[in-house]
1. Only residues that are within 9 Å of DNA strand D (Cβ to nearest atom), crowded, with 16+ Cβ neighbours inside 10 Å and among the charged types (D, E, K, R): list them for the range B:116-164, please.
2. One residue is enough: does the range B:25-47 have a residue meeting the conditions among the aliphatic types (A, V, I, L, M), surrounded by 19 or more Cβ atoms within 10 Å (Cβ to Cβ) and assigned to a loop (DSSP other than H, G, I, E, B)?
3. Could you identify the single residue in B:101, B:130, B:109 that is over 16 Å from the mean Cα position of the chain (by Cα) and within 16 Å of DNA strand C (Cβ to nearest atom)?
4. Would you mind stating whether residue A:60 is touching a Ser or Thr at 6+ places or on another chain (Cβ under 8 Å), under 14 Å from residue A:112 (Cα atoms) and in a loop (DSSP other than H, G, I, E, B)?
5. Based on this model, can you work out whether residue A:67 counts as of a type outside the set (Val, Ile, Thr) and either crowded, with 18+ Cβ neighbours inside 10 Å or within 16 Å of DNA strand D (Cβ to nearest atom) (or both)?
Protein chains: 2
Amino acid sequence: MPELPDLAVFSENLQARLQGKTVHSVECQRAIRLNTSPEQLKSALCNASIASVRRAGKEMAFGFTNQATLFVHLMLKGKFHITSVPATVESQMLTLSLGGESLVVSDPEGQVSLKLNPSLSSVPDALEVEGTYLRRKISERRKKGVKAFLIDQSLLRGIGNAYVDEILWQARIAPKSVVGKIPDHVIEDLLISIKSVLTDAIDEIKKRKPETISEEVRDFLRVHNPKRSVSPTGHRIMTEQVASRITYFTEEQVLYV
Amino acid sequence: MPELPDLAVFSENLQARLQGKTVHSVECQRAIRLNTSPEQLKSALCNASIASVRRAGKEMAFGFTNQATLFVHLMLKGKFHITSVPATVESQMLTLSLGGESLVVSDPEGQVSLKLNPSLSSVPDALEVEGTYLRRKISERRKKGVKAFLIDQSLLRGIGNAYVDEILWQARIAPKSVVGKIPDHVIEDLLISIKSVLTDAIDEIKKRKPETISEEVRDFLRVHNPKRSVSPTGHRIMTEQVASRITYFTEEQVLYV
DNA sequence: GCCCCAAACAACGA
DNA sequence: CTCGTTGTTTGGGG
């Protein structure tokens, strides 16, 4: 379950290693989720070269020199591999052979999803979201729980169940708060926390696993972290189901309801 | 808020007084809920005679000699009137003049709804429902609350918030029970209670207000009755919101969850 | 932990 | 107390 910061690091490393490589063949698992036919995918990518690899929300966007783009969502257990012996990778869902090496997307659960040339999303990415947008959506969904709000990918792209807990702790907002009841100045804090928690995490991951294209790092998380029992400020970390998800929080966070 | 038993008595009395009368004119409030245009309604009913008046679910179905049918739903506050001076009736929504007298449907809230020649419903009426149907629908909605189930007009037509409490008390089923957890033999009791509570109520209303076409009688209800504090068997009546509705029940009722 | 869908549930208006 | 619509929540399956 890579989230935004993991994917951001993966994207830089994938781009560094893959940019300029040409796709010689495309193999995909018949059962993969795909918005076109496997045949269309093959003909769209074969002989094109990789121009860029970027993160978009929780997806990886591969841009090709022929203007094709392929979005890959890893879901819970998907992984990227770059290998000269693709046959050794288990649970291959998609394999692009790129000359001497191959890019493989694997997933033991088979839930990886691919989109060829998707229409571009109107939902802002969490790293780019602006205060005006956030306030407008909050006013449209006054009664929605703040945790459900932040992880709703139709409102904001990229935040998942781990980082939402980090962001809410950083902003000192209790996860069961209702967005319409959060005062304006606390929404400001929230906006800042979204950006800072995510960019700090990206920096941390780069420091700890500079080359990663699949392994995620989570042990530095401050509250959403089974290895910790207290927050950095010494308050006991509690867990509870919120918005149907396991949630880590402390009493430092103010409940707005 | 007439429910099935009230409407059943109204229908007999309306039929006795209106059968054979011919519609000379049709006037309806512009804002009325109607599945056709007011013009179509007029042309469909003018010069036709009333052949029958029957209850169907919570609606009154007027059958005409030209095969037209008009379904009237009284919603919360609608009423029928038969009068030789229709002008005296307030909040008229629909007025059929029938020679010497007129049938008026009034509603101070304007929520009455009319359907001309509706397609016939595949949902059984509560007085006709069979055990096989009930068991099938229960198995399809195992987790639905029994109160929500019984008043859901897409599953069973005719039961409203007052009589559902009577039926559940009679069957000794707690209103917060979940249908999938109710044992088969108790579902049998429930089926019997549906029929007996409703038909007994029809008999009682006929006894107390034999001529009624609009006044409802409720004071004989055994638990859904603000004037009573204990059930016929002496248990304190409690009230609580269940399925978003005020609910009267006692501890005699078994909770199946 | 992810997303999608369907069902259940709540809130509002008419 | 009625029904409809809309949006939200929840649970199951992939």
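A short reminder: the numbers here are calculations on the coordinates, not readings from a lab. Computed from a predicted model, the values in this text were never measured in an experiment. Positions of Cβ are generated from backbone atoms using ideal geometry, with glycine treated the same way; all protein chains shown enter the neighbour counts.
1. B:152, B:157
2. Checked against the condition, which is being among the aliphatic types (A, V, I, L, M), surrounded by 19 or more Cβ atoms within 10 Å (Cβ to Cβ) and assigned to a loop (DSSP other than H, G, I, E, B), the range B:25-47 yields no hits at all.
3. Working: B:101 fails: within 16 Å of DNA strand C (Cβ to nearest atom); B:130 fails: within 16 Å of DNA strand C (Cβ to nearest atom).
Going through B:101, B:130, B:109 in turn, just one is over 16 Å from the mean Cα position of the chain (by Cα) and within 16 Å of DNA strand C (Cβ to nearest atom): B:109.
4. Working: touching a Ser or Thr at 6+ places or on another chain (Cβ under 8 Å): yes; under 14 Å from residue A:112 (Cα atoms): yes; in a loop (DSSP other than H, G, I, E, B): no.
In short, no.
5. Numbers: of a type outside the set (Val, Ile, Thr): yes; either crowded, with 18+ Cβ neighbours inside 10 Å or within 16 Å of DNA strand D (Cβ to nearest atom) (or both): no.
Spelling it out, it is not the case that residue A:67 is of a type outside the set (Val, Ile, Thr) and either crowded, with 18+ Cβ neighbours inside 10 Å or within 16 Å of DNA strand D (Cβ to nearest atom) (or both).
Residues checked against (1) in a helix (DSSP H, G or I); (2) touching a residue at least 24 places away in the same chain (Cβ under 8 Å); (3) under 20 Å from residue B:79 (Cα atoms); (4) within 14 Å of another protein chain (Cβ to nearest Cβ):
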{"position": "B:149", "(1), (2), (3), (4)": "yes, yes, no, no"}
{"position": "B:154", "(1), (2), (3), (4)": "no, yes, no, no"}
{"position": "B:165", "(1), (2), (3), (4)": "yes, yes, no, no"}
{"position": "B:180", "(1), (2), (3), (4)": "yes, yes, no, no"}
{"position": "B:186", "(1), (2), (3), (4)": "yes, yes, no, no"}
{"position": "B:194", "(1), (2), (3), (4)": "yes, yes, no, no"}
{"position": "B:207", "(1), (2), (3), (4)": "yes, no, no, no"}
{"position": "B:218", "(1), (2), (3), (4)": "no, yes, yes, no"}
